[in-house]
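A.B. asks: Below you will find the structure I want to go over with you.
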Amino acid sequence: MELREVKKRLEKLPRVQLGFFPTPVHKLEKLSQELGINLYLKRDDLSGMNLFGGNKIRKLEYLIGDAIKNECEYVFTFGATQSNHAMQTATACCKCGLKPILYLESIISPDENDVRSNLLLDKIMGAEIHILPEGIDLMKEAQKRIDELESQGHKSYIIPMGGANEVGSTGFVGGYIELTEQLNEQGIKADYIFHATGTGGTLAGLVAGKKLINSDTKIISVDVSDKTVEHYVNVAKLATKTLIRVDSTDAIITDDINHDLNYFGEGYELPTEAASDAIKKLARTEGILIDPVYTGKAFSALISYVKSEKVEKGSTVVFWHTGGATALFAEKEIIGNLCN
Ligand SMILES: *Cc1c(COP(=O)(O)O)cnc(C)c1O
């Protein structure tokens, strides 16, 4: 399918403007030279809309668009206490006059007397916040509040963790088209795209976008937590549902997905030495900040692929900066060792 045709189909879907798109894409000259590749950064960390952007804004443009179309008043979403997605959802709700309600899982326990990072921003945004212990079914808890609001005549919109459904993933079909147009204008073809994957919503959208325009760029999705085979069956289904939303009859199977479980270390929100090194490397050679939970781990994978020549010297590689730098101001268990 032509890029123009995909854009035409995307334009038919409900959407609100939240971020500043297209986000920049630019070459990292010094690091390119050091690694022996042509390394570009796609700056979704600069998506807007508050001071701290990130990949969820693309998804939220469609999700909040859908919430407004459905005349909802409240928006429920879910994540860890330091969830970037929850913070960006709260921000989007403020702009659009919706009321955010967050159900957050306490993987790393926040200190109520020293509220930091995204949780602090959620509070500034005035979100209704429910913090629950790790392992609790957040949706089941939220359902009680949803029912209560409904009995009072208020309609709620439910956004899953990470905004990972076919409405949200549509944002990354748009993202894939956007990047392709930017690279085309500069006469560049990407051999590889590296990005961090959590819920899989971003991955599903990127793979769907790639399929639609029949691109042969290899997408390497770096897991930030342990995932089952079943998770990836679901991500493939999500990508297929995303294609249906733009009237495509293509399907995505798990073989279309290249993901790597070797870089998350001990688990979600737990720092790795390689990610700490990657954060310092990017800061000290290019003056750019990435984060310990997502982009640091993904960037550590990129460096390791180049060093082991899984990515051939001279390749053109785009690293998708999905944001997350607020984690640099989170609890010390999340940050890791960045001060040496
Ligand atoms: C949420 C998030 C991701 C992962 O996106 P998914 O769509 O959940 O896979 C990557 N990087 C950052 C900074 C994020 O906040």
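The values are calculated or read from the model by the stated rules, or taken from the named source; none is laboratory data. The model shown is predicted, which means the values in this text are computed figures rather than measured ones. Please note: Cβ atoms are built from the backbone with ideal geometry, for glycine as well, and neighbour counts cover all protein chains shown. Protein only, heavy atoms only, side chains kept; ligands, DNA and RNA dropped before computing areas. Shrake-Rupley method; radii C 1.70, N 1.55, O 1.52, S 1.80 Å.
A.B. asks: Would you check which residues across segment 222-245 are among the β-branched types (Val, Ile, Thr) and either closer than 28 Å to Ser315 by Cα or within 14 Å of the ligand (Cβ to nearest atom) (or both) and list them?
C.D. replies: Within segment 222-245, Val222, Val224, Val235, Thr242 meet the criteria.
A.B. asks: Residues being touching a Lys or Arg at 6+ places or on another chain (Cβ under 7 Å) and open to solvent by less than 30 Å² (accessible area, probe 1.4 Å): count how many of those fall in segment 170-191.
C.D. replies: Adding up the residues that qualify gives 9.
A.B. asks: Right, next: Are there any pairs with C-beta distances below 9 angstrom linking a residue in segment 94-123 that is over 20 Å from Ala330 (Cβ atoms) to a residue that is open to solvent by 70 Å² or more (accessible area, probe 1.4 Å), with the two at least 6 apart or on different chains, and if so which?
C.D. replies: Close Cβ pairs satisfying both conditions: Cys96/Ile68; Gly97/Ile68; Leu98/Ile68.
A.B. asks: Given (1) open to solvent by 50 Å² or more (accessible area, probe 1.4 Å); (2) in contact (Cβ under 8 Å) with a residue 12 or more places away in the chain, where does Glu11 come up short, assuming only one miss?
C.D. replies: If we test Glu11 against (1) open to solvent by 50 Å² or more (accessible area, probe 1.4 Å); (2) in contact (Cβ under 8 Å) with a residue 12 or more places away in the chain, just (2) comes out false.
A.B. asks: Give, as residue ranges, the helices (runs of 4 or more DSSP H) completely inside segment 229-340 that count at least 3 residues that are surrounded by 18 or more Cβ atoms within 10 Å (Cβ to Cβ).
C.D. replies: 229-245, 273-286, 295-307
A.B. asks: Assuming Leu179 fulfils every condition listed in (1) among the aliphatic types (A, V, I, L, M); (2) outside any loop (DSSP other than H, G, I, E, B); (3) more than 16 Å from the ligand (Cβ to nearest atom) apart from one, which condition is it?
C.D. replies: (3)
A.B. asks: Could you tell me whether segment 186-201 includes any residue that is in a helix (DSSP H, G or I) and within 16 Å of the ligand (Cβ to nearest atom)?
C.D. replies: yes
A.B. asks: Every residue in segment 144-169 that is among the β-branched types (Val, Ile, Thr), assigned to a helix (DSSP H, G or I) and either crowded, with 22+ Cβ neighbours inside 10 Å or within 16 Å of the ligand (Cβ to nearest atom) (or both), please.
C.D. replies: Of everything in segment 144-169, just one residue is among the β-branched types (Val, Ile, Thr), assigned to a helix (DSSP H, G or I) and either crowded, with 22+ Cβ neighbours inside 10 Å or within 16 Å of the ligand (Cβ to nearest atom) (or both), namely Val167.
A.B. asks: Another one. Using the structure shown, decide if Lys56 is within 15 Å of the ligand (Cβ to nearest atom), of a type in the set (D, E, K, R), open to solvent by 10 Å² or more (accessible area, probe 1.4 Å) and at pLDDT 95 or above.
C.D. replies: Judged against the criteria, Lys56 is a match.
A.B. asks: Do we find that Ile219 is under 16 Å from the mean Cα position of the chain (by Cα) and either among the basic types (Lys, Arg) or more than 9 Å from the ligand (Cβ to nearest atom) (or both) in this structure?
C.D. replies: Yes.
A.B. asks: Anything in segment 15-37 that is without any contact (Cβ under 8 Å) to a residue 12 or more places away in the chain and open to solvent by less than 30 Å² (accessible area, probe 1.4 Å)? List them, or say none.
C.D. replies: Ser32, the sole residue that qualifies.
A.B. asks: Let me ask you something else. At pLDDT below 95, away from the ligand (no atom under 14 Å from the Cβ) and out of contact with any strand residue (DSSP E or B) (no Cβ under 6 Å at 6 or more places or on another chain), is that true of Leu120?
C.D. replies: For Leu120, the condition - at pLDDT below 95, away from the ligand (no atom under 14 Å from the Cβ) and out of contact with any strand residue (DSSP E or B) (no Cβ under 6 Å at 6 or more places or on another chain) - is not met.
A.B. asks: Further question: Quick test for you: out of Tyr40, Tyr74, pick the one residue that is closer than 30 Å to Thr285 by Cβ, open to solvent by 20 Å² or more (accessible area, probe 1.4 Å) and in contact with a His (Cβ under 7 Å, 6 or more places away or on another chain).
C.D. replies: Answer to the check: Tyr40.
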